[in-house]
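These notes are about the structure you will find just below.
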Amino acid sequence: MEELTIQQVAVLTGLSVHTLRYYERNGLLAPVNRAANGHRRYSATDIARIKFLTRLRTTGMPIRQMQQFADLYRQKPEAIAERRLILEAHKHEVKQRICELNHNLEAIQKKIQHYNELEKNL
């Protein structure tokens, strides 16, 4: 895969150019390679990391925790267990939220069913 510009990566990932720069500026991404003209050039590895960061963010991982994970990845590649523990803790939180959402969804479905029955009796 050829290297992509920041605009191409924004389209590909659904993130804004501003967010991509924010991720790099705040240590979520390693500094991205630059072309001779100084423009960012994203590799397939960069894009894979961006997609994973997006998954973490979408599932509610706080930016500080994402930074901690990224720092470990870059500064201590041997700290696999520490990175795994961060992900396991996040997985637990995501599962808890899914359970809460399912519980709330059941309540909504019951209310819809109740309203359907009321409408039938009109």
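Just so you know, all these numbers are worked out from the coordinates, no wet-lab data involved. Since the model is a prediction, treat every value here as computed from it, not as a measurement. Glycine gets a Cβ as well: all are built from the backbone with ideal geometry, and neighbour counts include every protein chain shown.
Tabulated results
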| item | result |
| --- | --- |
| Karplus-derived HN-Hα couplings along the stretch 71-88 (A = 6.51, B = -1.76, C = 1.60, θ = phi - 60°), whole Hz, x at Gly and Pro | 4, 4, 4, 7, 8, 9, x, 7, 7, 5, 4, 5, 5, 4, 4, 4, 5, 5 |
| Candidates per GluC sites (Glu not before Pro) in the stretch 1-41, loop by DSSP, up to 14 other Cβ within 10 Å | E2 |
| Distance from the stretch 54-122 to the stretch 20-49 (C-alpha centre basis), Å | 27 |
| Estimated distance in nm for a label pair at H103 and N116, the labels positioned 7 Å out from Cα along Cα-to-Cβ | 2.5 |
| Fewest-first sequence of I50, I108 by Cβ atoms within 10 Å of each Cβ | I108, I50 |
| Note, ³J(HN,Hα) from phi for the stretch 111-122, Karplus 6.51, -1.76, 1.60, rounded to Hz, x at Gly and Pro | 5, 4, 4, 4, 5, 4, 5, 4, 5, 5, 8, 7 |
| Estimated vicinal HN-Hα couplings, Hz - the stretch 32-39 in sequence order (Karplus 6.51, -1.76, 1.60; Gly, Pro = x) | 7, 4, 10, 6, 4, 7, x, 6 |
| Normalised alpha carbon radius of gyration of the stretch 25-108 [divisor 2.2 N^0.38 Å] | 1.38 |
| Cβ-Cβ FRET estimate between R34 and L12, R0 fixed at 25 Å, reported to 0.05 | 0.85 |
| Lys pairs, the chain - Cα-Cα below 24 angstrom, 8 or more residues apart or on other chains | 7 |
| Spin-label zone in the stretch 79-106 - amide nitrogen under 14 Å from a point set 7 Å from the Cα of F52 along the C-beta vector | 79-88 |
